[in-house]
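What follows is one structure encoded as structure tokens, with my remarks underneath.
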Amino acid sequence: MKNKTFKRMLAVMMLVLSIFMLFPYFLMLITSVKTMGDIQSPSFTFIPREVVFLNYIEAMSRGDWPRYFGNSIYVTVITVLASLMLNSITGYAFARLRFKGRDVLFIIALIGLMVPRQVTMLPLFIVLKNFPLVGGNSILGQGGHGFINSYAGMILPYVAGSFGVFLFRQFYLNFPRSLDDAARIDGLGRVKTFIYIYAPLSKPIFATLAALKTTQTWTEFTWPLIITSKDHMKTVQLALTMFRNETEIQWNLLMAATTVITLPLIIVFLCAQKYFIQGIVTSGIKG
Amino acid sequence: MFFRAISLSICMVLLMGALIGCGTPASDHRDETPKEAETVVDKNKDDVTITFWVPGADEANDTYFTNVAKEFETLNPRIKVETTVLPPSGHDINKKLATAMLSDDYPDVFSSYLGIFRARSPKGEFYDMTEYINKWSDKEDIFEGALNMGTYKGAFYGLAFFPAPEIGVYRKDYFEEAGLEPEQPPTTWEELAEYARKLVQRDNKGIVTRAGLDIPLMNTAIFVRTMMKQNGSPVVDEEKGEPSFTDEGAVETLDFIAKLAQEKVNIPFDYQKKVEIPFVKGNSAMSYLQTSQIAQMIVNDPSMKEKIGFIPVMERKKKVSFCGYRLFTIGAKTQYPDEAWRLIEFMMTKEQMMERSKQLNIPVVRKSLKEEFITLNPELHKTILEYVEYGKGAEAVPWVSSLTKKLDIAFQEAYNGKKSSVQALKDAEENLRKDLEKKK
């Protein structure tokens, strides 16, 4: 009986929390179908006085949205795939291989988690600008523009990431040592052990990192802002600035466009939800 | 087998991504090394590409500046203009400029906000345009105030083309409700305060439901500074490059505003967040707004055209208004100053200036276009030009943001009764001088 009451209370609490979490999204949807007159009226109303779905058409007809979506999808897909590959291999090496300086290297990687991104942004920009033999640069990284104004410039900084390495390492630490022994007896080397044994068992953690990386890359604003200068390189986040000027924000159009650009993220989360929860749980348990 | 296939496809995608991603569009002149670019110019002096950065606003603004660059290209076939529409926020623009400066990627022509111009011109980021402007035959036709906006230490580093005055506005219908004459706006400080007291509406708990006058309680400095100047305070001694706001006029001003705010004739808001200004939401009877905000209010509710009236520029000891600007500048490291100037010259022609007025509601800065501009919308444009004429922008010192912060603190201290206005300003000036000394 007690258990039942507790479960009911828990359900109610979850419902309240869900409403609380969904409220901003609900406000976004409501604002996206309001008129500006309605938004700026002295009294705030939840229900729009007039529902204007045309806001969506107006928002999407401004600028080259197919291009902006194409850019964001391209950058996100490549970043997620590359980072999954690199982080999983690195995490595996830190968790399962014994080599000199492993722990020191891991601590160095962890330091990356503690430095705010704003601090590393300028040095990173200069590194990418002076990258040798790219974008007209000489071997000394001079003379050209390196990775500035290129997709690679937007992708590379997000490919590596201490968080992903940490996540994979924690996950792989859970595996019993006997698994490696069995693989070795079966004649598998380190690489094959990773590919045939570890990777197939890592679906939850791959899904978790994929979801997190997708969100991070898709919603990034500052880095694409400083690394690109051209309209045809704009990502969806940069394109959102079209709906504001120095003094005014067209909230209805901005919210309509925001609703549209959050859809891919929602789809990714819905697809990865099962594994995502599993991944969060398993990576937190030390074996 | 399955994972081998997955791994292979991932590798293929990554390889393709790397190949496509590393490449930049063929049309990108930045792919050329400067050495190559110079060779192109040397061989054929006529073929150059210049970059033009302009802050975004609305669709009309972005389209105009993109198209005008194309029009310029048609008239000057040897010059290609690569236009970049920046996000409108000054914060984002500063980030882009900082990285562009470090990477020698600064635009050849940049349409700068006055605040950005004031902060960056002392750092040597802009090209000295004095020679070009002095030789320019139309120089005499430009308003003196607008011309002066582009100077730093006697040299021209920018050319103002877009005045953005903050105009005094009032609601005629609210005036009528309060028993005031709707066609007679306040003309003195005393009238402004008296009208604010009459116009304010409160509920039975004493909470202001409609402000009599918009007095910002956060980021108040611009509001305070303009009134200090109206009261004869220099605020900054620009010749000496020193703060100067402890005089009688400045103290009286701070006292006046702080006491009026203490009477609660206003609804608190942040002056930086223009979208939150109570007047825009119909929650205030008097305010100071930019022309774009007034235009947007009329678009949102056409009846506002009849309801909004304009307050003339206030005068106590001097007639002063706040007028922000945008200026055309040339990047200090440009390889093509002649071409950059030619683009600016084109933008400043009478035709383009009038076109901007018609399409984007941007006030003119040419004396010869004054009448034509007024005929477009007599009541509003006459007021706009008065505000432009008496307009003062941000002070021409590199430490303008520190000044703003110190004045904000002084206002807070006076408003909260923590210090008297005299003491608050004395402390603010002393702290500012200390900060400047440290920087030296």
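A few remarks follow.
- Applying the criterion of being in contact (Cβ under 8 Å) with a residue 60 or more places away in the chain, assigned to a strand (DSSP E or B) and aliphatic (A, V, I, L, M) to the residues of the range B:200-248, the residue that is surrounded by the most Cβ atoms within 10 Å (Cβ to Cβ) is B:Ala211.
- A:Gly70 vs. criteria modelled with pLDDT of 90 or more, within 28 Å of B:His91 (Cα to Cα) and open to solvent by 20 Å² or more (accessible area, probe 1.4 Å): yes
- Looking only at the range A:1-55, and only at residues there that are among the aromatic types (Phe, Trp, Tyr) and either open to solvent by less than 40 Å² (accessible area, probe 1.4 Å) or under 30 Å from B:Val208 (Cα atoms) (or both), the one that is modelled with the lowest pLDDT: A:Phe44
- Leading residue by the ranking (surrounded by the most Cβ atoms within 10 Å (Cβ to Cβ)) among those in the range B:66-82 that are under 14 Å from B:Arg356 (Cα atoms) and within 14 Å of chain A (Cβ to nearest Cβ): B:Ala69
- Count of the range A:122-153 residues, restricted to those that are open to solvent by less than 50 Å² (accessible area, probe 1.4 Å), within 7 Å of chain B (Cβ to nearest Cβ), of a type in the set (A, V, I, L, M, F, W, C) and not in a loop (DSSP other than H, G, I, E, B), is 2.
- Unique match (being touching a Lys or Arg at 6+ places or on another chain (Cβ under 7 Å) and either away from chain A (no Cβ under 14 Å) or surrounded by 21 or more Cβ atoms within 10 Å (Cβ to Cβ) (or both)) among B:Ile362, B:Ile344: B:Ile362
- Conditions (1) touching a residue at least 24 places away in the same chain (Cβ under 8 Å); (2) part of a helix (DSSP H, G or I); (3) facing chain B (nearest Cβ under 8 Å): number failed by A:Leu86: (3)
- Test set (1) farther than 27 Å from B:Gly241 by Cα; (2) open to solvent by 20 Å² or more (accessible area, probe 1.4 Å); (3) part of a helix (DSSP H, G or I) - B:Pro185 fails condition number: (3)
- The residue that is most open to solvent (accessible area, probe 1.4 Å), among those in the range B:273-294 that are within 9 Å of chain A (Cβ to nearest Cβ) and farther than 25 Å from B:Ala178 by Cβ, is B:Ser292.
- When we screen A:Phe6, A:Phe44, A:Phe23 for residues that are in a loop (DSSP other than H, G, I, E, B), free of Cβ contacts under 8 Å to residues at least 60 places away in the same chain and out of contact with any strand residue (DSSP E or B) (no Cβ under 7 Å at 6 or more places or on another chain), the only hit is A:Phe44.
- From the options B:Leu369, B:Leu327, residue that is touching a residue at least 24 places away in the same chain (Cβ under 8 Å) and either assigned by TED's automatic domain parsing to the domain that holds B:Asp237 or not in a loop (DSSP other than H, G, I, E, B) (or both): B:Leu327
- As a summary of the residue check, B:Phe156 satisfies the conditions (1) within 20 Å of the chain's Cα centre (by Cα); (2) without any contact (Cβ under 8 Å) to a residue 60 or more places away in the chain; (3) surrounded by fewer than 17 Cβ atoms within 10 Å (Cβ to Cβ); (4) more than 14 Å from every other protein chain (Cβ to nearest Cβ) except for the one numbered (3).
- Restricting the range B:418-440 to residues that are in a loop (DSSP other than H, G, I, E, B) and either in contact with a Cys (Cβ under 8 Å, 6 or more places away or on another chain) or farther than 14 Å from B:Val251 by Cβ (or both) leaves a set whose member that is most open to solvent (accessible area, probe 1.4 Å) is B:Lys440.
- B:Asp31 fulfils the conditions (1) at the interface with chain A (Cβ under 7 Å from one of its Cβ atoms); (2) modelled with pLDDT of 50 or more except for a single criterion, (2).
- For the range A:58-83, filtering for residues that are of a type outside the set (Asp, Glu), in contact (Cβ under 8 Å) with a residue 12 or more places away in the chain and facing chain B (nearest Cβ under 10 Å) leaves 7.
- Residue satisfying all of: in the range B:159-179; touching a residue at least 24 places away in the same chain (Cβ under 8 Å) and acidic (Asp, Glu); farthest from B:Leu289 (Cα to Cα) among these: B:Asp173
- Scanning the range B:256-271 for residues that are assigned to a helix (DSSP H, G or I), over 18 Å from B:Lys405 (Cα atoms) and in contact (Cβ under 8 Å) with a residue 40 or more places away in the chain turns up B:Phe256, B:Leu260, B:Ala261, B:Gln262.
The values are calculated or read from the model by the stated rules, or taken from the named source; none is laboratory data. For clarity, every value in this text was computed on a predicted model and none was experimentally measured. Every residue, glycine as well, gets a Cβ built from its backbone with ideal geometry; the counts of neighbours run over all protein chains shown. Remember, those area values only see protein heavy atoms, side chains included, never the ligands or the DNA or RNA. Shrake-Rupley method; radii C 1.70, N 1.55, O 1.52, S 1.80 Å.
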